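To start, the structure itself, in structure tokens.
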Amino acid sequence: MKIIPLGPHVVVRRLEAEKKTNGGIVLPDAATKESREGRVLSVGDGPILSDGHRAIPQVKEGDRVLFSNYAGTHVQFNSEELLILSEDDILAVLN
Amino acid sequence: MKIIPLGPHVVVRRLEAEKKTNGGIVLPDAATKESREGRVLSVGDGPILSDGHRAIPQVKEGDRVLFSNYAGTHVQFNSEELLILSEDDILAVLN
Amino acid sequence: MKIIPLGPHVVVRRLEAEKKTNGGIVLPDAATKESREGRVLSVGDGPILSDGHRAIPQVKEGDRVLFSNYAGTHVQFNSEELLILSEDDILAVLN
Amino acid sequence: MKIIPLGPHVVVRRLEAEKKTNGGIVLPDAATKESREGRVLSVGDGPILSDGHRAIPQVKEGDRVLFSNYAGTHVQFNSEELLILSEDDILAVLN
Amino acid sequence: MKIIPLGPHVVVRRLEAEKKTNGGIVLPDAATKESREGRVLSVGDGPILSDGHRAIPQVKEGDRVLFSNYAGTHVQFNSEELLILSEDDILAVLN
Amino acid sequence: MKIIPLGPHVVVRRLEAEKKTNGGIVLPDAATKESREGRVLSVGDGPILSDGHRAIPQVKEGDRVLFSNYAGTHVQFNSEELLILSEDDILAVLN
Amino acid sequence: MKIIPLGPHVVVRRLEAEKKTNGGIVLPDAATKESREGRVLSVGDGPILSDGHRAIPQVKEGDRVLFSNYAGTHVQFNSEELLILSEDDILAVLN
């Protein structure tokens, strides 16, 4: 079974912040000690525009992303801690 | 008698979170202990756009969905606990 | 004398929640003990859109409807307790 | 001297709620004991739309109207208590 | 030196509420004892619309106007107490 | 080095309120004792409209302006106290 | 590894406020003692407009910028303290 996010939503698996990857380290949030980094698992078909079309999502499956503190809905799925974010809460891609 | 949701609304029957289905388990919200999973029973004709048309709903009858905490209006109907959600509160389809 | 609702408004007569009708029962809100079911008595000509046209109302006279808790303005009219709702506060039609 | 309301505004003379008129009685608001019925004295040229045009007002001089609790600005004018309402605060016409 | 209001703004000289003019009297606000009547001294070129045009102002220099309680910015200019209002805060013209 | 304001922003040097200039005096705000008058030093290219164009700014370099209380961001630049305002916070030009 | 900001976001490296550069000094915020100056490291492809296009960003890599107090998300990246701002929070370019 898979989680298929709707519209502006994106499913993200949180990455351990201390895990060094290709030299780049994003330290966890000082206050919450929670990582704000994650790997995109699946992407919705984008937020709806006022004319009924949808904006093309800016992230894709596999992207390593940085998101806002406290953003999203935590979901415990198949013994993994996932996060369902609105694409607006994703600040940047780490490449 | 049936409940026919209007515009952006969707009628959902909450699913017991612990019920394992095809391997996927979404644990209930840690704070409220309430399941955030449900089965879509019926779907409105979509939210109205600024030009008077309606956006096509993203879910359909029978979909197993994941929704935001605290979303929707609880309705006790024919001895079932139903939830009338706005489609915006549905984060993902479990497929 | 009649109450003719304007624009997005709808006049509703609250139905007793415990009254069984064709098998469907919507229990009253647990907190307020107030019924959230009603019968539509009259309908305005719809909410105005940004281009000056009006959206076609989704309910019609005689519809049995389900509305949000605390929605609307209570009016005591000809010894009846009526409710003037915005159409947005009507979640579903019971059919 | 007359009060000429601007844009979306409407000047209303509050009617005594207990005054029976053609059989219809709207009782005053239970909390404030204030009547929510009035007679329209004059009407602005309508709220402005996003394209610069104005929406045609839904009420006209002489209409007997029902408005929201606490709506509008009270004005003491020529020893009369008048109310300047936004047309949005007028829920219905009593006809 | 003159005050030239920008966009949606209007410069108004507050009128003493008790001053009878052509029979019409608007009593001051009961709570603040402040007059809500004034004379328009100058008018901006109107609020901007979403297409970049400006809406034509509804008041003109010399108009006697009625405005909302607490509206606007008080300015002490050349020993006069003036008020810079947004046109939206002007409810009616007294004619 | 110069401060070049972006989009809707305007850089203003606060003027001493008591300084009489061509007969016009705007007294400082009674509560904060702070002057609300200033001289425009530079102007952004205007706020963005919903179609992606920019509205033409209403003030220009050298304008003497009156702004809202508490508006803007204070900046200490080259030993001058400057204010970066949004153009919306400028109420009027003093001419 | 690089941080690639999305949509309206901009990555900024905070500059020490006391560092004199070409004569211009922006003192830090009096309350927080934090510098509000920074150097733009990378720029997203701009905020989305209501028609689905994106507005062209107003800053570019290398710009020295002034931003609002408390704006943005702090990120510790490769032992540098970076800030991910929304372009709206950038008030001016220092040139």
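Starting from residues that are in a loop (DSSP other than H, G, I, E, B), charged (D, E, K, R) and surrounded by fewer than 18 Cβ atoms within 10 Å (Cβ to Cβ), keep the ones in the range G:46-64 and report whichever is farthest from the other protein chains (Cβ to nearest Cβ). Once the filter is applied, the top-ranked residue is G:GLU61.
For the range A:65-87, a residue qualifies if it is under 23 Å from B:ALA55 (Cα atoms) and outside any strand (DSSP E or B), and exactly one does: A:GLU87.
Of the residues that make up the range E:57-79, is at least one touching a helix residue (DSSP H, G or I) at 6+ places or on another chain (Cβ under 8 Å) and modelled with pLDDT of 95 or more? Yes: one or more hits. One residue stands out among those in the range G:1-16 that are more than 24 Å from A:GLY46 (Cα to Cα) and open to solvent by 20 Å² or more (accessible area, probe 1.4 Å): the one that is nearest to the other protein chains (Cβ to nearest Cβ), which is G:MET1. Only one of the listed residues (E:LYS2, E:LYS19) is modelled with pLDDT under 80 and among the basic types (Lys, Arg). That residue is E:LYS19. Report yes if some residue within the range B:49-56 is at pLDDT below 90, among the acidic types (Asp, Glu) and within 18 Å of A:ILE48 (Cα to Cα); otherwise report no. Scanning the range B:49-56, I find at least one residue that is at pLDDT below 90, among the acidic types (Asp, Glu) and within 18 Å of A:ILE48 (Cα to Cα), so the answer is yes.
Would the range B:25-37 turn up any residue that is part of a loop (DSSP other than H, G, I, E, B) and at pLDDT 85 or above? Yes. Note on the range A:65-80: residues that are aromatic (Phe, Trp, Tyr) and within 14 Å of chain B (Cβ to nearest Cβ) total 2. Just one of the listed residues (F:ILE56, F:ILE48) is farther than 19 Å from G:VAL59 by Cβ and β-branched (Val, Ile, Thr), and it is F:ILE56. The conditions of being at pLDDT 90 or above, surrounded by 16 or more Cβ atoms within 10 Å (Cβ to Cβ) and away from chain G (no Cβ under 14 Å) are not met by F:LEU83. For beta carbons closer than 6 Å, sequence separation of 6+ or different chains, a first residue in the range D:79-90 that is closer than 17 Å to D:SER35 by Cα and a second that is open to solvent by less than 60 Å² (accessible area, probe 1.4 Å) and polar (S, T, N, Q), the qualifying pairs are D:ILE84/D:THR73; D:ASP89/D:SER68. Take A:LEU41 and tell me if it is within 8 Å of another protein chain (Cβ to nearest Cβ), over 22 Å from B:ALA55 (Cβ atoms) and touching a residue at least 40 places away in the same chain (Cβ under 8 Å). Here the answer is no, as A:LEU41 does not meet what is asked.
The values are calculated or read from the model by the stated rules, or taken from the named source; none is laboratory data. Treat the numbers as computed from the prediction; the structure is a model and nothing was measured. Using ideal geometry, Cβ is built from the backbone for each residue, glycine included, and neighbour counts are taken over all protein chains shown. Please note that ligands, DNA and RNA were not included when accessible areas were found on the heavy atoms of the full protein model with its side chains. Shrake-Rupley method; radii C 1.70, N 1.55, O 1.52, S 1.80 Å.
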